[in-house]
């Protein structure tokens, strides 16, 4: 489940175009759940793997939350600084991807409050998400969007 949520969240913060967002009819249950979770926050809505994705700013950082059609929050992602990621993850990045460009760093939590970290890198003209658990242990690398 954690891997599915992590894959679901990969690249969410920047994944939707305005054109797609304008066509989304967000169910009232989803809107209400979002407002309960993030009062007074304005979001841009899109779809992500069948879920409703709200993209917004939180404390000046890019963030997103994905809900199912009943308003159950599936996942939450927020951009973080390098210093907020476990050192073991950075050791792994430096050892295995020293010559790559880091384009995004995020903390992801699923509906069970399981936390993972995602370090998005650019390599060979493509984007990849390098995923770590809450302690910085490498989980896997997947091609991003």
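The values are calculated or read from the model by the stated rules, or taken from the named source; none is laboratory data. Remember, predicted model here, so these are calculated numbers, not experimental data. With ideal geometry, Cβ positions are generated from the backbone for all residues, glycine too; neighbour counts draw on all protein chains shown.
Residues that are modelled with pLDDT of 50 or more and touching a strand residue (DSSP E or B) at 6+ places or on another chain (Cβ under 6 Å) were ranked within the stretch 1-32; the one that is farthest from residue 112 (Cα to Cα) is 24.
Taken over the stretch 80-101, the residue count meeting the criterion of being surrounded by 14 or more Cβ atoms within 10 Å (Cβ to Cβ) and under 17 Å from residue 125 (Cα atoms) is 2.
Looking across the stretch 110-143, the residues that are crowded, with 18+ Cβ neighbours inside 10 Å and closer than 20 Å to residue 83 by Cα come down to 116, 117, 118, 119, 120, 121, 129, 130, 131, 132.
Counting only strands (runs of 3 or more DSSP E) that fall entirely inside the stretch 47-145 and contain at least 2 residues that are within 30 Å of residue 28 (Cα to Cα), without any contact (Cβ under 8 Å) to a residue 60 or more places away in the chain and in contact with a strand residue (DSSP E or B) (Cβ under 8 Å, 6 or more places away or on another chain), the qualifying elements are 51-58, 61-67, 73-79, 101-110.
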